[in-house]
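The structure appears below as structure tokens.
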Amino acid sequence: MTNETTLAENTSAIYDLLEKSKSVDPELYDRYIRNRAIDEPACTALITMYSVLTVLGALGNILVIVAVIRKPAMRTPRNMFILNLAVSDLLLCTVVMPLTLMEIITKYFPLGNNVFICKIVGPLQATSIFVSTISITAIALDRYQVIVYPTKESLQLFGAVFILLLIWVLALLLATPLFVVKQLRTHSISLGKGIDELNFCIENWPFDHGRAYYSVFTLIIQYIVPIMIVSAAYLRISYKLRYRFATGFVSSDESSQKGRRQLRGRRLQRTNILLGSIAIIFCISWLPLNLFNLIADLSNSQNFSSQPMMICYAVCHMMGMSSACSNPVLYGCLNENFWKEFKDILCISSEKNDNLGESQKLSIRNKFNKVLGKSKPDLVTGVTEYQPCNTASSDMTVLTKC
């Protein structure tokens, strides 16, 4: 009886507010009729920006997924982590962004009087974000293990799949509280124009400041811990590569020695830029959204539900979601094998390579190998490629090619 009485009181309060708003604040009444929390032109601008991010992110991650699935040679244990990241980012683009935009621009829940849909929206959003950030962390740790401890046994496909399964299970567990606390509140109010009820999908935490505690927990698990692990791993990798580059390898041919050092120097510089970009972009992308959520949840001010603050939240959220667009570039386009697959999928040919036949390119590469020393077959192309065992070249291959 208590819940029914409270629901009746809330319904009466909302009805009285809307009745008074007809004469006092006609715009508020109109917003409920149109179910719009954001006025024009801000509403159209947000829809446009979210649409651009969704399309770009979806296309980039679909390219990564297709590149791995279409060719068996690309289905390596290491690429499984990149594939998992692409799947989670695709969910961010196709599920999280549209649902979050819906929550930002609407006054009440627009998906009808369905409790399950209300409960599943929040966990879907949280799970996609957790999987994306944990996958980035797993990629960093995998690269750290391969380069810093190259003598240890390499990760096999079964082990990679098992780790990916653990990532999804962990993400679902971390998002479970949202499924528990989400509740659908329905108010029977006749506003005209076919609107007979208002549905509100809210979080009802069983203890005080529950949302604030969960925000702090999420900040630590989803942002602070991953950024510390990723930064530490890539700093250690960069140090290891510089050390191996400094040792170099001894060659009796001075010109060959100089050429090899220049080549390794360019690869090392490119690798350091790639590693630094991954850490910096991850930090910048997710920082505004995490700070906004933390401040909003720790303060009980109603100003955070105002239109300017919701627009500010949307901007912070788009910055976080922009990682779904940058990840295909950082983990795909800057990877030589992925880039070759992308060009093949998009039917883009290299003019320089087209001028040389396959036999000519193979002959040139074989001559180059004879000059430099021992050779090693490339696992993806099957073409023999020189990889000195006492340099950082083979390590950098893990980052830019494998």
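The values are calculated or read from the model by the stated rules, or taken from the named source; none is laboratory data. This is a predicted model, so every value here is computed, not measured. No Cβ is skipped: glycine too gets one built from the backbone with ideal geometry, and neighbour counts run over all protein chains shown.
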Residues (assigned to a strand (DSSP E or B) and either of a type outside the set (Gly, Ala, Ser) or out of contact with any Ser or Thr (no Cβ under 8 Å at 6 or more places or on another chain) (or both)) located in the stretch 154-190: LYS182, GLN183, LEU184, ARG185, THR186, HIS187, ILE189, SER190
Contacts under 6 angstrom Cβ, first residue in the stretch 73-95 being among the basic types (Lys, Arg), partner modelled with pLDDT of 90 or more and buried (at least 22 other Cβ atoms within 10 Å of the Cβ), 6 or more apart: none
Close pairs from the stretch 198-218: first in contact (Cβ under 8 Å) with a residue 40 or more places away in the chain, partner assigned to a strand (DSSP E or B) and not aliphatic (A, V, I, L, M), Cβ under 7 Å, at least 6 apart: LEU198/HIS187; ASN199/THR186; PHE200/ARG185; CYS201/LYS182; GLU203/LYS182; ARG211/GLU203
Of the criteria (1) under 22 Å from LEU289 (Cα atoms); (2) hydrophobic (A, V, I, L, M, F, W, C); (3) free of Cβ contacts under 8 Å to residues at least 40 places away in the same chain, which one ALA126 fails: (3)
Residue under evaluation ARG31, criteria (1) surrounded by fewer than 21 Cβ atoms within 10 Å (Cβ to Cβ); (2) modelled with pLDDT of 90 or more, criterion not met: (2)
Among (1) surrounded by fewer than 20 Cβ atoms within 10 Å (Cβ to Cβ); (2) at negative phi; (3) not β-branched (Val, Ile, Thr), the one test that SER128 misses: (1)
Single match in VAL161, VAL148 (criterion: in contact with a Lys or Arg (Cβ under 6 Å, 6 or more places away or on another chain) and either crowded, with 18+ Cβ neighbours inside 10 Å or more than 21 Å from PHE282 (Cα to Cα) (or both)): VAL148
Residue in the stretch 174-197 that is under 25 Å from ILE278 (Cβ atoms), surrounded by 16 or more Cβ atoms within 10 Å (Cβ to Cβ), touching a residue at least 24 places away in the same chain (Cβ under 8 Å) and in the same structural domain as LEU91 (by TED's automatic domain parsing) present: yes
Members of the stretch 146-162 that are at pLDDT 85 or above and more than 14 Å from THR76 (Cβ to Cβ): PHE162
Test: residue in the stretch 70-79 that is in a helix (DSSP H, G or I), assigned by TED's automatic domain parsing to the domain that holds PHE200, under 20 Å from the mean Cα position of the chain (by Cα) and over 24 Å from ILE163 (Cβ atoms): no
Single condition LEU18 does not satisfy, out of (1) at pLDDT below 75; (2) among the aliphatic types (A, V, I, L, M); (3) in the same structural domain as ALA140 (by TED's automatic domain parsing): (3)
Residue in the stretch 321-341 that is surrounded by the most Cβ atoms within 10 Å (Cβ to Cβ), counting only those that are modelled with pLDDT of 80 or more and among the small types (Gly, Ala, Ser): ALA324
